[in-house]
Amino acid sequence: MKRIGLAALALCLPATLAAQDQPSAILVLDGSGSMWGQIEGKAKIEIAREVVTGLLADLPQDQPLGLTVYGHRRKGDCTDIETLVAPAPGNRAAIASAVAGLKPKGKTPMLEAVRQAAEALRYTEEKATVILVSDGVETCDADPCATAAALEAAGVDFTAHVVGFDIDDPQALAQMQCLADQTGGTFRSAANADELGAALAAAATVKPDPAPGPARLLFAATEAFGSTFREVEVVWEVFTEDGAQAMDATQVMSGETQLPPGTFLVRALRLSDETVEERRVTLQPGGREVVEIAFDEPLPAATLSAPASGTAGGMVEVSWTGPDGEGDYLAAGPVGANDASYLTFEYTAKGNPLPLRLPVEPGAYEIRYVLADGIQTLARLPITVSERSFALDAPGSAPVGSLVQVEWSGGGFDEDFLTVAKLDASSDGNDYLTYAYVRDGNPVGLRMPLAPGQYQLRYVVGQDSSVAISQPITVSDLSVTLEAPDRVAAGSMVAVSHTGPAYDGDYVTFVTPDAGVLDYLGYAYTSDGATVQVQAPDMPGSYELRYVSTISGERIFARRAVVVE
């Protein structure tokens, strides 16, 4: 399929984007932080700016067009949506300037942005078109199918064309496909600047109605592939009622031709298997008729084989057969869930049989083979996920900074880990002070914090960072001392005796009294002995000797004032 260059936009703009008396349109542009991601060394936002600038140069100046952006002002704010340019003719410079000034920052409330753009277009009273360009999944909990269905139901004639930019996440692709399908729009994906330009052009490819004249025949072919439709390579021919050829064989997916009034036979031959479909059409003087032919293409077959049950959060080995297309994957999720819904997945390209992670909650689930083309399930296999038990065994107290041996039971999956957390830590397993992976042993050494107090030990399930079990532990303080002369010669080596844990990396150092915790001048590691040699500063003055530990954070255990002469 040939790409459509930006220079060709003026020749293929739709009726909704080509005349002032037609419905207005709004371009909804992704300004979320992910747009700083790079493609071939260039930020996606820079690519989008250049492509949109080229689009604006080819659009008719009298066509009302607006610009809505999301995620461009604040981080973590699902309300960060702004119509920067209201729909109006002759505002191309304003749109180009607004796009040039975008600095991506925040989240991806793309569905709410589409809804607000529809409101700005008065979609419940007039025809309205929104063209969405986004590079990621909805991150503000909106339901794309429900949002799209509501817009379609409330709108006079609402259409959302969607362009997915540099996306390979199955969930994001499914969301965008649903938004386009529900509103009668198109969904196209783009991997680079050329493809983005082509997709934006194709999102608006409907030619304007002609002035009265010869009859026009428009023809288009698609392929029904499961629940989705896709473009198909076809050879078209048109014949008169007496069998004369009225249009030469033409290999295009869609097109048009001018014909005299009369009745014609339109024939489409699919190149992949030479299947032929025919339609009869009657053209009126100055009229316009559309012939749409949808070929059927069966979904490929797939099978799955796996154990009937498995442990929560564990791995099962799944054997499969199927097309193994680019992006195809195996998924585990709730029974009967939407094809795009999953809890865990692995791409089929990784092997056969394929290790697949099970959900962390026990219950009835299914394993699915999902075809990336249209996000469609080809095979399902039920599996029961059983609960796993957890336990921790460790001392009730330990000194600050010490390495405590913790015995555990739970599953021992590679990404599971143990942590030390504050008593008021959140339920999120990633809220911790120190950690150790269970894959490193059983028991496994877990480092205590450097501050004394009451803490809790946690077993964290790596798959979803949930806390499976916890138990309290008291971290007690240590007595650390420093012995050295009160006055020393500048630049001399000073014998410093210390008592303390001598953890890896602990050191004694000279610093100025106002120095930060990790500042140092001359220093020596405490592991070198109970008495170490530390070089005094070259400049006379008042200094401190410090015992510093960085074993699990940073702490000054002891200080001693020393005058350097």
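Under a point-charge model restricted to the Cβ atoms of Lys and Arg (+1) and Asp and Glu (-1), what is the dipole moment magnitude of segment 488-561 relative to its Cα centre, in debye to the nearest 20? Working shown, then result.
Numbers: 4 positive and 8 negative charges, 41 e Å.
Approximately 200 debye in magnitude.
If you plug each phi of segment 393-404 into the Karplus form 6.51 cos²θ - 1.76 cosθ + 1.60 with θ = phi - 60°, what whole-Hz ³J(HN,Hα) values come out, in order, with x for Gly and Pro?
For segment 393-404, the Karplus-derived couplings read 9, 8, x, x, 8, 6, x, 4, x, 6, 9, 9 Hz, x marking Gly and Pro.
Place +1 on the Cβ of every Lys and Arg and -1 on the Cβ of every Asp and Glu in segment 50-142, take the dipole about the Cα centre, and give the residue among Ala88, Gly71, Leu55 whose Cα lies farthest towards its positive end.
It is Gly71, whose Cα lies furthest towards the positive end.
Rank the residues Trp408, Trp36 as a footprinting-exposure proxy: fewest other Cβ atoms within 10 Å of their Cβ go first.
On the way: Trp408 24, Trp36 13.
Least crowded to most crowded, the residues run Trp36, Trp408.
How big is the dipole moment of segment 6-202 about its Cα centre under a simple scheme where the beta carbon of each Lys and Arg is +1, that of each Asp and Glu is -1, and everything else is neutral? Debye, nearest 20, please. Could you put the intermediate results ahead of the total?
On the way: 14 positive and 26 negative charges, 113 e Å.
The calculated dipole for segment 6-202 is roughly 540 debye.
Note down the relative contact order for the chain as a percent, whole number, built from C-alpha pairs under 8 angstrom at least six residues apart.
Values: 1440 pairs, mean separation 42.3, N = 565.
About 7 percent, as a whole number.
Under the 0.36 nm per residue contour assumption, what length would be gained going from the current alpha-carbon distance of Tyr525 and Ala244 to full extension? Don't skip to the answer; put the middle values down first.
Numbers: separation 281, 0.36 × 281 = 101.16 nm, distance 9.74 nm.
This chain segment gains 91.4 nm when fully extended.
Looking at the square roots a ≥ b ≥ c of the eigenvalues of the Cα gyration tensor of segment 6-202, which shape do they give, rounded for a/c under 1.5, prolate if a/b is larger than b/c, or oblate? Numbers along the way, then the final one.
Numbers: a/c = 1.37, a/b = 1.08, b/c = 1.28.
Rounded, because the longest to shortest axis ratio a/c is under 1.5.
Suppose a student asked you for the relative contact order of segment 53-148, using Cα pairs under 8 Å spaced at least 6 residues apart; what percent would you report?
Values: 133 pairs, mean separation 25.4, N = 96.
Contact order relative to length: 26 percent.
Segment 384-415 to segment 491-540: how many Å between their Cα centroids?
37 Å
Residues with amide H under 5 Å of Gly286's amide H, sequence separation 5 or more or different chain, H placed in the peptide plane at 1.01 Å from N; which?
Amide H neighbours of Gly286, under 5 Å, 5+ apart: Gly213, Ala215.
For Gly37, which sequence-distant residues (separation of 5 or more, or a different chain) have an amide H within less than 5 Å of its own amide H, given hydrogens modelled in the peptide plane?
Excluding prolines and chain starts, which carry no amide H, the hits are Lys44.
Using +1 at the C-beta of Lys and Arg and -1 at the C-beta of Asp and Glu, which of Thr183, Ala561, Leu304 has the Cα lying farthest in the positive direction of the dipole of the chain?
Going by the Cα projections, it comes out as Ala561.
Which whole-number percentage describes the relative contact order of segment 391-476, with Cα contacts under 8 Å and a sequence gap of 6 or more? Don't skip to the answer; put the middle values down first.
Details: 219 pairs, mean separation 31.5, N = 86.
Over segment 391-476, the number comes to 37 percent.
For Val562, what residues show an amide H to amide H distance below 5 Å, using hydrogens built from the backbone and excluding near sequence neighbours?
Result for Val562 returns Tyr543, Glu544, Leu545.
For segment 542-555, take each phi angle, set θ = phi - 60°, evaluate the Karplus expression 6.51 cos²θ - 1.76 cosθ + 1.60, and give the result in whole Hz per residue in order, putting x for glycine and proline.
8, 9, 10, 8, 10, 9, 10, 10, 10, 5, 8, x, 8, 7
How big is the charge dipole of the chain about its Cα centre, in debye rounded to the nearest 20, if each Lys and Arg gets +1 on its Cβ and each Asp and Glu gets -1 on its Cβ? Intermediate values should be presented prior to the final figure.
Working: 38 positive and 75 negative charges, 211 e Å.
Once rounded to the nearest 20, the dipole reads 1020 debye.
In nm, to one decimal, how far is the Arg559 label point from the Asn442 one, both placed 7 Å along Cα→Cβ?
4.7 nm
Nearest 5 is fine: what % of DSSP beta bridges in segment 215-297 come out antiparallel, could you say? Don't jump to the answer; show the numbers that get you there.
Numbers: 29 of 39 bridges.
Given both bridge residues lie in segment 215-297, the antiparallel proportion sits at roughly 75 percent.
If you rank Thr499, Thr434, Thr282 by fewest surrounding Cβ atoms within 10 Å, what's the result? List each step's numbers first, then the result.
Numbers: Thr499 16, Thr434 20, Thr282 12.
Taking fewest neighbouring Cβ atoms as first place, the list is Thr282, Thr499, Thr434.
Lys pairs in the chain, Cα-Cα under 18 Å, at least 8 apart or on separate chains: how many?
Total qualifying Lys-Lys pairs in the chain comes to 9.
Just to be sure I understand: of the beta bridges DSSP finds with both ends in segment 65-187, what percent are antiparallel, rounded to 5? Please report the intermediate quantities before stating the final value.
Numbers: 5 of 14 bridges.
Taking every DSSP beta bridge within segment 65-187, about 35 percent pair in antiparallel fashion.
For segment 44-151, what does the alpha-carbon gyration tensor say about shape, rounded, prolate or oblate, given a ≥ b ≥ c as the root eigenvalues, a/c under 1.5 as rounded, and a/b over b/c as prolate? Intermediate values should be presented prior to the final figure.
Working: a/c = 1.98, a/b = 1.16, b/c = 1.70.
The shape class here is oblate.
Name the shape class, rounded, prolate or oblate, that the alpha-carbon gyration tensor gives for segment 391-476, where a ≥ b ≥ c are the square roots of its eigenvalues, rounded holds for a/c under 1.5, and otherwise prolate holds if a/b is larger than b/c and oblate otherwise. Please report the intermediate quantities before stating the final value.
Details: a/c = 1.88, a/b = 1.31, b/c = 1.43.
Verdict is oblate for segment 391-476.
Values quoted throughout were computed directly from the atomic coordinates according to the rules given, and no laboratory measurement underlies them. Note that this is a predicted model, so its numbers are computed, not measured. Backbone-built Cβ (ideal geometry, glycine too); neighbour counts: all protein chains shown.
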